[in-house]
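The values are calculated or read from the model by the stated rules, or taken from the named source; none is laboratory data. Small disclaimer: the values here were computed from a predicted structure and weren't measured. Because the Cβ atoms are built from the backbone with ideal geometry, glycine has one as well, and the counts that use them run over all protein chains shown. Note: areas computed on protein heavy atoms with side chains; ligands, DNA, RNA excluded. Shrake-Rupley method; radii C 1.70, N 1.55, O 1.52, S 1.80 Å.
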Amino acid sequence: MVIEHVPWSDGKRPVTLAMMVFLSRWARRLSWRETARVFGTSWECVYRSVEWFVEWGLAHRVLTGISAIGVDEIFWGAATGARRF
């Protein structure tokens, strides 16, 4: 038995890495259902692509060098409404 690494795929996923990135980027502009319809795939394929891309982004984020985070406004939401201070 021979097992080979295929660099354009991740595990047993039915779409390539490039397609997952492509679908994820379009899913930012269109609804996931519309993305699936336009590119001829399933809603679940778009969902899994977005899920993979978010996980990849979190694993590769760089937080070194951040020493402070600034906040312009405080927005506080309540069950009955929202208040802005």
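Selection of region 26-42 for residues being without any contact (Cβ under 8 Å) to a residue 24 or more places away in the chain and buried (at least 16 other Cβ atoms within 10 Å of the Cβ) yields TRP26, ALA27, TRP32, THR35, ALA36. Among residues of region 2-19 that are open to solvent by 100 Å² or more (accessible area, probe 1.4 Å), those with a Cβ under 8 angstrom from a residue that is modelled with pLDDT of 70 or more and not hydroxyl-bearing (Ser, Thr, Tyr), sequence gap 6+ or separate chain, pair up as TRP8/LEU17; TRP8/ALA18; PRO14/CYS45.
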